[in-house]
Amino acid sequence: MAAIRAEGLYKVFGRRAKEAVQRLEAGATREEVSQDLDATPAVIDASFEVQPGEIFVVMGLSGSGKSTLIRMLNGLWEATAGHVYVSGEDIAELPAAQLRRVRREHMSMVFQHFALLPHRTVLQNAAYALDVQDVPKQERDERAREALRMVGLAGWEDQLPVQLSGGMKQRVGLARALASGSEILLMDEAFSALDPLIRREMQDQLLKLQETLGKTIVFITHDLNEAMRIGDRIAMMRDGRIVQIGTAEDILRSPANDYVAQFVSDVDRTRVLTAGSVMESAKVVLDTTTDAAVAKRALRDHDAHEVFVTASDGTLRGVVREAELTDSKRSIGDLAQSDMQTVRRNTMLAELFGLATESESPVVVVDDAGRLEGVVAREALLEAMAGSTAEAVGDGSVDGDVVASQQAAGDESGEKQQAAIDRAKAETRRTDAGIVGPGAAGGA
Ligand SMILES: Nc1ncnc2c1ncn2[C@@H]1O[C@H](COP(=O)(O)OP(=O)(O)OP(=O)(O)O)[C@@H](O)[C@H]1O
Ligand SMILES: [Mg+2]
């Protein structure tokens with residue numbers, strides 16, 4: 001069962017909200033509705049599922065509806081229409097007391113500027129959620145201590161918030177969420193106010209924690225690189241609507257529309273695309289006992305230049321290049337070079353470049369058991385690397401889908417869109433810099 005399921009979810013601000021939903025359902029645009037009814041459709045017809053243990057990122061420019069969406073997931077905002085199911089239960093149907101309990105015990109929220117209680121120690125702040133839940137003091141402290149240790153703040157328990165840096169305060173916020181033991185974390189721009197280095201550290205830490213904790217995380221950001229780095233899947237929002245849901249790779253390789261294509265155009269694809277996405281199957285794979293003469297023929301038949309040698313259990317033993325197949329009596333098991341460059345499916349392209357230049361042989365993709373999965377030819381790697389430049393000039397050599405939409409986006413409307421995106425990004429930066437303090441930290 002999905003940990004969270006949203007179904008046809010709407011949030012419209014304004015007195016004629018219900019009417020606005022009807023108009024939207026009948027096909028009216030957001031602009032029409034906001035003009036005619038003096039209403040703000042913040043979230044329009046959002047449907048998605050978040051699986052247990054998944055990091056689901058909601059990504060979009062400022063004002064696209066991310067915070068409104070996440071606040072409906074924990075019932076802080078009542079949906080104007082549609083449903084939110086948490087572990088299968090429609091939260092709109094829950095009596096108020098039970099909804100509070102779900103919000104308190106099953107979901108925790110971490111904000112951009114986490115509001116710590118200034119006169120309480122770090123430990124007390126981390127234990128805050130448990131305090132509210134009436135957990136006995138000793139257990140409370142133990143759990144808070146453990147959570148602080150997990151986020152790298154062991155030793156800081158007795159300090160006051162004022163003694164902490166911004167990054168450390170965010171860690172306390174995260175520790176509070178972890179100490180609460182809730183299985184769902186809702187993180188709204190939780191790392192956005194941090195310096196790039198610290199931010200990256202926090203992302204790493206979250207990913208590492210996630211390996212062992214396996215929480216269900218809804219993570220909001222307007223930073224695409226952050227989204228791609230930590231999201232198992234990403235929902236892209238624009239003007240209140242979810243325009244695409246997919247893995248980083250899905251979104252990069254087949255953006256749903258020009259808007260998304262533009263949005264992702266300056267992402268470093270070598271840090272998103274993986275070996276698995278560019279590998280091909282090996283042309284000639286033969287058992288160790290095969291003799292060289294047979295291998296040579298196979299190479300000729302398949303117009304290939306190397307044989308991949310596997311043992312009877314399927315594990316890869318090595319590679320033999322054409323030129324090494326001189327002694328036709330010997331078995332290829334004897335001839336196999338074992339100094340291959342092996343990687344896993346999920347290794348990023350950025351890491352492959354170094355390997356590819358170190359050796360003549362292609363980079364080989366193997367599974368956890370060492371079985372051959374595929375081969376990344378140098379040409380494929382170079383093409384993928386050239387991908388972004390090739391697409392920019394409309395060279396159709398790399399990825400048909402992406403190229404087509406990039407070209408489509410190159411017309412006048414595309415330019416307008418780019419200008420709009422630039423404006424919105426500038427706007428986002430201003431907002432980030434401007435809003436600090438209890439207002440922004442609030443919501444809870
Ligand atoms: N309480 C409210 N009353 C009226 N309009 C609101 C309210 N909260 C949000 N909105 C509007 O709803 C839209 C979506 O806002 P929301 O805060 O969800 O966007 P966001 O994607 O989280 O943006 P940001 O990246 O700036 O945090 C915006 O047009 C906003 O002005
Ligand atoms: Mg927001």
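Couple of notes before you dig in:
Every residue, every condition in (1) crowded, with 20+ Cβ neighbours inside 10 Å; (2) in contact with a Leu (Cβ under 7 Å, 6 or more places away or on another chain), yes or no:
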site: 141; (1), (2): no, yes
site: 155; (1), (2): no, no
site: 164; (1), (2): no, no
site: 175; (1), (2): yes, yes
site: 187; (1), (2): yes, no
site: 205; (1), (2): no, no
site: 220; (1), (2): yes, no
site: 227; (1), (2): yes, no
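- Meets criteria (β-branched (Val, Ile, Thr) and free of Cβ contacts under 8 Å to residues at least 40 places away in the same chain) for residue 294: yes
- The condition of being modelled with pLDDT of 95 or more, farther than 28 Å from residue 107 by Cα and either among the small types (Gly, Ala, Ser) or within 13 Å of ligand 2 (Cβ to nearest atom) (or both) holds for only one of 46, 26, that being 26.
- Unique match (being within 16 Å of ligand 2 (Cβ to nearest atom) and in contact (Cβ under 8 Å) with a residue 40 or more places away in the chain) among 113, 83, 106: 113
- Lone unmet requirement of (1) more than 16 Å from ligand 1 (Cβ to nearest atom); (2) in the same structural domain as residue 69 (by TED's automatic domain parsing) for residue 158: (2)
- Of all the numbered requirements in (1) farther than 30 Å from residue 39 by Cβ; (2) within 16 Å of ligand 1 (Cβ to nearest atom); (3) surrounded by fewer than 19 Cβ atoms within 10 Å (Cβ to Cβ); (4) of a type in the set (Asp, Glu), residue 232 misses one, and that requirement is (2).
- Residue identified as buried (at least 23 other Cβ atoms within 10 Å of the Cβ) and within 16 Å of ligand 2 (Cβ to nearest atom) among 12, 33, 57: 57
- The stretch 74-103: number of residues that are surrounded by fewer than 18 Cβ atoms within 10 Å (Cβ to Cβ), of a type outside the set (A, V, I, L, M, F, W, C) and on the phi < 0 side of the Ramachandran plot: 9
- Scanning the stretch 61-90 for residues that are within 21 Å of the chain's Cα centre (by Cα), hydrophobic (A, V, I, L, M, F, W, C) and over 17 Å from residue 218 (Cα atoms) yields a total of 0.
- Residue selected from the stretch 26-51 under the condition farther than 28 Å from residue 102 by Cβ and of a type in the set (D, E, K, R), by the criterion nearest to ligand 1 (Cβ to nearest atom): 30
- Qualifying residues in the stretch 86-136 (those that are in a loop (DSSP other than H, G, I, E, B) and hydroxyl-bearing (Ser, Thr, Tyr)) - the one nearest to residue 169 (Cα to Cα): 121
- Identity of the residue in the stretch 208-245, without any contact (Cβ under 8 Å) to a residue 24 or more places away in the chain and not in a strand (DSSP E or B), that ends up farthest from residue 64 (Cα to Cα): 212
- Looking across 8, 27, 53, 65, one residue alone is assigned by TED's automatic domain parsing to the domain that holds residue 220, without any contact (Cβ under 8 Å) to a residue 40 or more places away in the chain and of a type outside the set (Lys, Arg). It is 27.
- Index of the failed condition, residue 194 passing every other in (1) of a type in the set (A, V, I, L, M, F, W, C); (2) at pLDDT below 90; (3) surrounded by fewer than 19 Cβ atoms within 10 Å (Cβ to Cβ): (3)
- Among the residues making up the stretch 47-89, a single one is hydroxyl-bearing (Ser, Thr, Tyr) and in contact with a Ser or Thr (Cβ under 8 Å, 6 or more places away or on another chain): 62.
The values are calculated or read from the model by the stated rules, or taken from the named source; none is laboratory data. Worth saying up front: this structure is predicted, and the values here are computed from it rather than measured. In this analysis, Cβ positions are derived from the backbone assuming ideal geometry, glycine residues included, and neighbour counts consider all displayed protein chains.
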